[in-house]
Amino acid sequence: MTSVLVVDGANVVGSVPDGWWKDRAGVARRLHERLLVADTSYDEIVLVLEGQAKAGVRAGRDGHVTTVHAPRDGDAEIRTQARRVTEAGGSVVVVTADRMLAANVQPAQVLSPSWLLDRL
């Protein structure tokens, strides 16, 4: 069974008040770089980006990290990615602090941005 970590990029970078709002593309690029070298047990990491952050990382696969540019809002794309994995028989974990989103990605497990940041 494939295990996939779906990362709510906006939510993860927004959880650290380090001036991310001044350079959304740059902070998305740095998160992507950290995910590329992260030592996790997941077969694939899907990083979902929206808005200005999309300019920081091209969409597509890079090693075990796939970057997806949300065509509308990030939450809808995260739900789509979680459903894709589940329907293919894989296990999915979503990283977000958004309670509404967390309630709508079941049966996916949901972990907090701090859980991910502690591992990067």
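The values are calculated or read from the model by the stated rules, or taken from the named source; none is laboratory data. These numbers were taken from a predicted model, which means no experiment stands behind them. Every residue, glycine as well, gets a Cβ built from its backbone with ideal geometry; the counts of neighbours run over all protein chains shown. In case anyone asks, the SASA skips ligands and DNA or RNA and just uses the protein heavy atoms, side chains included. Shrake-Rupley method; radii C 1.70, N 1.55, O 1.52, S 1.80 Å.
Before moving on, here are some points about what is shown:
- Those residues of the range 20-46 which are open to solvent by less than 20 Å² (accessible area, probe 1.4 Å) and either of a type in the set (D, E, K, R) or farther than 25 Å from Thr86 by Cβ (or both), in sequence order: Gly26, Val27, Ala28
- Restricting the range 90-117 to residues that are within 12 Å of Asp75 (Cα to Cα) and free of Cβ contacts under 8 Å to residues at least 12 places away in the same chain, the residue that is surrounded by the most Cβ atoms within 10 Å (Cβ to Cβ): Ala102
- Of the residues Gly60, Gly89, the single one that is over 23 Å from Trp21 (Cβ atoms), out of contact with any Leu (no Cβ under 8 Å at 6 or more places or on another chain) and modelled with pLDDT of 95 or more is Gly60.
- Single match in Thr80, Thr86, Thr66 (criterion: touching an Asp or Glu at 6+ places or on another chain (Cβ under 9 Å), of a type in the set (S, T, N, Q) and open to solvent by less than 90 Å² (accessible area, probe 1.4 Å)): Thr66
- In the range 1-16, the residues that are closer than 15 Å to Gln81 by Cβ and either hydrophobic (A, V, I, L, M, F, W, C) or surrounded by 24 or more Cβ atoms within 10 Å (Cβ to Cβ) (or both): Val4, Leu5, Val6, Val7, Asp8, Gly9, Ala10, Val12
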